[in-house]
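A quick write-up on the structure given underneath.
The values are calculated or read from the model by the stated rules, or taken from the named source; none is laboratory data. Because the structure is a prediction, the values reported are computed rather than measured. Glycine gets a Cβ as well: all are built from the backbone with ideal geometry, and neighbour counts include every protein chain shown. Each accessible area value is taken on the protein alone, full model and side chains, heavy atoms only, with ligands, DNA and RNA left out. Shrake-Rupley method; radii C 1.70, N 1.55, O 1.52, S 1.80 Å.
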Amino acid sequence: MASIKLANPLHYPLAALAGGLVLIVGVRFLRLPNVVILPVAAVTTVGGAALLKGSRPDPISTKNSVLDRELQAIQQQALKLRQQAENLRIEAAGVLTASHQVELLGAVEYACDRTTELPQKINDLSQRLSGSNSLLSVQDLQQQLAKVEHKQANSSGAAQQQWNRLSQSLDRNIQLAQQGEDARQAQVISLSTLILDAAGVLQQLQNKLRTANLESNTEAMKLRSLSEEFTRYQENVDLLLS
């Protein structure tokens, strides 16, 4: 279970407003004594601030201004991708309503739902990369590469091409780390590329959903293929975030 994050209510005006409304309603309309309504208003304000804080990723800071900017940029990409995926999930649920389309709808929804935790995962990554001396471990990068090569050997077609590109990217990052260079920025750029590529596939999926003859088996297969491609990109992202 995720822990509740305490927050300063002054930083969250909506929480303060909610607490104020509770106080006004309790005193003026319900005529509750101060000893009762004041704690209730306080709990509403503090609890509301905590909920609002918990719904937002923590600010990114790695003590490296260039890396911070890169991480902030991909966090914005991740937030945008999550919103686009949510919009597509709702749209798909509205058009894939026939009984024989249930499986296709499930594939689209599964692909979209995987983006839910992406912004927080980016924030978690920034915490691991924090500190000017927090270089990426060659061993960690090699473990990521081993996983990629295993998946590459057991795939074909477009999937194999995706894994091949990620393998080449990790190879470059390992070379940087072996040379004593800071490979963090290169790793983040690789991550940014994957998220942008995933967004492109998501857009193709949305376009296809809007224009395809959904009663056609061929068109349905194309939609499923794009859903699977989008899911693979997210698997690549998860691997870099691991």
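See the values below:
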{"quantity": "Where ILE24, ILE37 fall by accessible area, highest first, once all protein chains stay in place (1.4 Å)", "calculated": "ILE24, ILE37"}
{"quantity": "Projected label distance in nm at LEU30 and VAL95, using a 7 Å step from Cα toward the beta-carbon", "calculated": "4.7"}
{"quantity": "FRET E, pair VAL138, LYS222, Förster distance 41 Å, beta-carbon r, rounded to 0.05", "calculated": "0.50"}
{"quantity": "Rounded to whole Hz, the Karplus (6.51, -1.76, 1.60) HN-Hα couplings of the range 138-154, x for glycine and proline", "calculated": "4, 4, 4, 5, 5, 5, 4, 5, 4, 5, 5, 5, 5, 5, 4, 5, 10"}
{"quantity": "Label-point separation in nm, ARG69 to ASP124, each point 7 Å along Cα→Cβ", "calculated": "2.9"}
{"quantity": "Rel. contact order, % - alpha carbon contacts under 8 angstrom, at least six apart, the range 60-241", "calculated": "29"}
{"quantity": "The range 84-225: Lys pairs at Cα distance under 27 angstrom, eight or more positions apart or on different chains", "calculated": "4"}
{"quantity": "Hz values of 3J(HN,Hα) by residue in the range 176-191 - Karplus curve (6.51, -1.76, 1.60), Gly and Pro given as x", "calculated": "4, 5, 5, 7, x, 7, 7, 8, 4, 5, 4, 5, 5, 5, 4, 5"}
{"quantity": "For the range 223-233, 3J(HN,Hα) per residue [Karplus equation, 6.51 cos²θ - 1.76 cosθ + 1.60, θ = phi - 60°, Hz, x = Gly/Pro]", "calculated": "4, 4, 4, 5, 4, 5, 5, 4, 5, 4, 4"}
